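These notes are about the structure you will find just below.
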Amino acid sequence: MANWNCSAAKYSPMYLDELRDFCLGLPHVTEDFPFDEQTLVFRIGGKIFLLTDVDDPTEFNAKCDPERAVELRERYPDAIFPGYHMNKTHWNTVRLDMGLDERLLRELIEHSYELVRKSLSKKQREGLM
């Protein structure tokens, strides 16, 4: 995956392609547009773990452990903040034009995916296999 720090390439469709490829590369992930034609949603077991705006893919919303969410917001106040239009305790908005390391971006996405996957019922998890 190429560099996700897109300050020079703001609104780059390449970022969206890379984000889609990464998310869809996780097991059993689906994507859809349940709200409108610009909000792309990624799901595991029918539950959302990440959202982004296809018209301005310079940020995404991802689920996060509440304690870790606070730590991340304090450490990266210009890049990670309470989730826009989401439960502020459990969701962060992550900005990509603030120089966050690509490893951290991947880890935040995987963390969100795992939180949602673990929240699925046993029957739902077994249905993914």
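Bear in mind these aren't lab numbers, they're just calculated from the coordinates by the rules spelled out. All values reported here derive from a predicted model rather than from experimental measurement. With ideal geometry, Cβ positions are generated from the backbone for all residues, glycine too; neighbour counts draw on all protein chains shown.
Each of residue 21 and residue 122 was given a label point 7 Å from its Cα along the Cα-to-Cβ line. The distance between the two points is 4.0 nm. Label-to-label distance, residue 107 versus residue 38, with points set 7 angstrom from Cα along the beta-carbon direction: 3.2 nm. With K and R counted +1 and D and E -1, the other residues having a Cβ less than 13 Å from that of residue 46 yield a net charge of +3. Spin-label model, residue 114/residue 30: points 7 Å from Cα along the beta carbon direction are separated by 2.5 nm. Applying the criteria of a DSSP loop state and at most 11 other Cβ atoms within 10 Å to the chymotrypsin sites (Phe, Trp or Tyr not before Pro) of region 31-129 yields 35. Using the Karplus relation 6.51 cos²θ - 1.76 cosθ + 1.60 with θ = phi - 60°, the per-residue 3J(HN,Hα) values for region 70-78 come to 4, 4, 5, 4, 6, 6, 10, x, 8 Hz, with x marking Gly and Pro. Where Lys and Arg each count +1 and Asp and Glu each count -1, what net charge lies around residue 33 among other residues with Cβ under 13 Å from its Cβ? Taking every Cβ under 13 Å from that of residue 33, the sum is -4. Normalised by the number of residues in region 12-129, the average gap of Cα pairs under 8 Å and 6 or more apart makes the relative contact order 22 percent. Placing +1 on the Cβ of every Lys and Arg and -1 on the Cβ of every Asp and Glu, with nothing else charged, gives region 13-127 a dipole about its Cα centre of roughly 820 debye. If you take every residue apart from residue 117 with its C-beta less than 13 Å away from the C-beta of residue 117, what net charge results, scoring Lys and Arg +1 and Asp and Glu -1? Summing Lys and Arg as +1 and Asp and Glu as -1 gives +3.
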